[in-house]
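Before any comments, here is the structure.
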Amino acid sequence: MSDKIWLSSPHMGGNELKYIHRAFDENWVAPLGPNVNEFEKSLENFLGDDVQIAALSAGTAALHLALIECGVEYGDEVICQSMTFSASANPIAYQGAVPVFVDSEADTWNICPIALEEAIKDRMAKGKKPKAIVAVHLYGMPFKVDEVMAVANKYEIPVIEDAAEALGSKYKNRSCGTFGRFGVLSFNGNKIITTSGGGALVCHTEEDKNKAVFLATQARDDAPHYQHSHIGYNYRMSNICAGIGRGQVEVLEDRVQARRLMSKFYVELFKDIPGVTVFTEPNADYFSNHWLSAITIDPQSAGINREDLRLGLQNVNIESRPLWKPMHMQPIFSNSPYYGNNICEDLFEKGLCLPSGSNLTNDDRDRISDAIFNIIKNK
Ligand SMILES: *Cc1c(COP(=O)(O)O)cnc(C)c1O
């Protein structure tokens, strides 16, 4: 059996070990140190817009702190894009708040601004104004930033921008992660760059960043003994992980280019295959890092369905995966309100993510296209 082709696997740049060795040499083997500071600075430079970054142990931790800083408390309601990874929604539950799920629209697969406004109006009519909006740039595709921000501003609700999959993506030439009251990044092992596990909170004021770092380091008051007047968390990134991150940021532009080439490869591969649509930017305002390349399959015209293709690829040791199953369809969130027209349910039914790593070779691409053509020919 040939080696497995993964959906998205870590891709080191070369200098990561140098920064880890430096941390050992200087004995900064702790959740603070020069690598953490330099990693934060390099991300601030990369994103632009004068942002302030707090490096954390996970993207999930960044979402949790963003909710806390937006004042989300027990019994509050928070709007969340339904089609996403569960980590977008779980921190809402950590706070004892209730997620209110909203459908996607067909262009970007992200939160629908029309359904969003319907949801806000209806929740307000029922007596509760949502405390925050979690909007996601799924698979690196920017959501409809202007439209979503216009609705959020109209009702004065802060946006938490889940850019965990969208580092390097842009909307109207501005970096994803910089539009909301807070932005969230992830450096989990499968993301476009990794620290083996980690995340960051993107802030717009020093005060917001300092508060995040304070909460992430057990909320220790300024005193010689251990003094606490807030509940704290152990969410800071370690100086070892940040060393990996420094090496990864150096190659981030290359990784974006490589992922975008994978998307082009699939556009070319599927161009004469009826019933298959490759997920691409709706117009020139959108620049996706194409973290994952994805397609939708219309079984009537393609002659195969999403599962036929997924299982066919699995047989030749090539990983592919259905799109994120919407949160309102998940057993754990079945009691949460949902607003929309089930666009995301349809996407989940028809959609498939394909191998997208920046480390895939020409041989890998040949294997992928041979496998796909064979599956379709033998339908
Ligand atoms: C990966 C991911 C997260 C969580 O990030 P972790 O670093 O794994 O905690 C959150 N939201 C989305 C959309 C993600 O893909």
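None of the figures in this text is laboratory data; all of them are computed from the coordinates on show. Please read all numbers here as calculations on a predicted model, not as lab measurements. Cβ sites come from the backbone with ideal geometry, for glycine too, and all protein chains shown count toward neighbours.
Where the centroid of each part is defined by its Cα atoms, how far is the stretch 137-171 from the stretch 305-379 in Å?
Answer, in whole Å: 24.
Output needed: percent of Cα pairs per 10 Å distance bin for the chain, bins running from 0 to the one holding the longest distance.
Calculated P(r), rounded to whole percents: 5, 24, 31, 25, 12, 3, 0, 0.
Pairs of Cα atoms under 8 Å, at least six residues apart: use those to get the relative contact order of the stretch 16-250, whole percent.
On the way: 529 pairs, mean separation 66.2, N = 235.
Relative contact order comes out at 28 percent.
For Glu156 and Asp366 in one chain, what is 0.36 nm times their gap in residues minus the Cα-Cα distance, to one decimal in nm?
Difference between extended and current length: 70.5 nm.
Fewest Cβ neighbours within 10 Å first, please rank Glu281, Glu26 accordingly.
Glu26, Glu281
Would you mind ranking Ile53, Ile273 so that the residue whose beta carbon has the fewest other beta carbons within 10 Å leads the list?
Ile273, Ile53
Lys/Arg Cβ at +1, Asp/Glu Cβ at -1, dipole of the stretch 230-300 taken about the Cα centre: which of Ile295, Phe265, Val251 is farthest positive-ward?
Val251
Where the centre of each part is set by its Cα atoms, how far does the stretch 194-235 sit from the stretch 30-77, in angstrom?
9 Å
Taking 30 Å as R0, compute the FRET efficiency from the Cβ-Cβ separation of Glu147 and Thr205 and round it to 0.05. It would help to have the intermediate numbers written out before the result.
On the way: r = 26 Å, r/R0 = 0.85.
FRET efficiency, Glu147 to Thr205: 0.70.
In nm, to one decimal, how far is the modelled label at Lys325 from the one at Ala223, with both set 7 Å along Cα→Cβ?
Here the modelled spin labels are 4.8 nm apart.
Give me the dipole magnitude in Debye, nearest 20, for the stretch 29-139 about the Cα centre, with unit charges on the beta carbon: positive for Lys and Arg, negative for Asp and Glu.
The dipole of the stretch 29-139 has a size of about 400 debye.
Can you tell me which of 288-300, 176-188, 364-376, 248-260 comes out highest on packing, and rank the rest after it, using the mean Cβ neighbours within 10 Å?
For the peptides 288-300, 176-188, 364-376, 248-260, the packing ranking is 176-188, 288-300, 248-260, 364-376.
Measuring from label point to label point, each 7 Å out along Cα→Cβ, what is the Asn27 to Asn15 span in nm?
Label-label distance for Asn27 and Asn15, simple model: 2.7 nm.
If you rank His137, His204 by fewest surrounding Cβ atoms within 10 Å, what's the result?
Values: His137 31, His204 16.
Sorted ascending by nearby Cβ count, the order is His204, His137.
Take Arg174, project a point 7 Å from its Cα along the Cβ direction, then tell me which residues of the stretch 229-263 have their backbone nitrogen under 20 Å from it.
Label zone hits: none.
How big is the stretch 195-245 by the Kirkwood estimate over distinct Cα pairs, in Å?
About 12.2 Å, per the Kirkwood formula over Cα pairs.
How big is the dipole moment of the chain about its Cα centre under a simple scheme where the beta carbon of each Lys and Arg is +1, that of each Asp and Glu is -1, and everything else is neutral? Debye, nearest 20, please.
Numbers: 36 positive and 48 negative charges, 87 e Å.
The calculation lands at about 420 debye.
Please report Rg over Rh for the stretch 253-378, where both radii come from the alpha carbon positions and Rh follows the Kirkwood definition.
0.99
Please list, in order along the stretch 345-352, the HN-Hα scalar couplings obtained from phi with the Karplus expression 6.51 cos²θ - 1.76 cosθ + 1.60 (θ = phi - 60°), rounded to whole Hz, x for Gly and Pro.
Result, rounded to whole Hz: 5, 5, 4, 4, 5, 9, x, 9.
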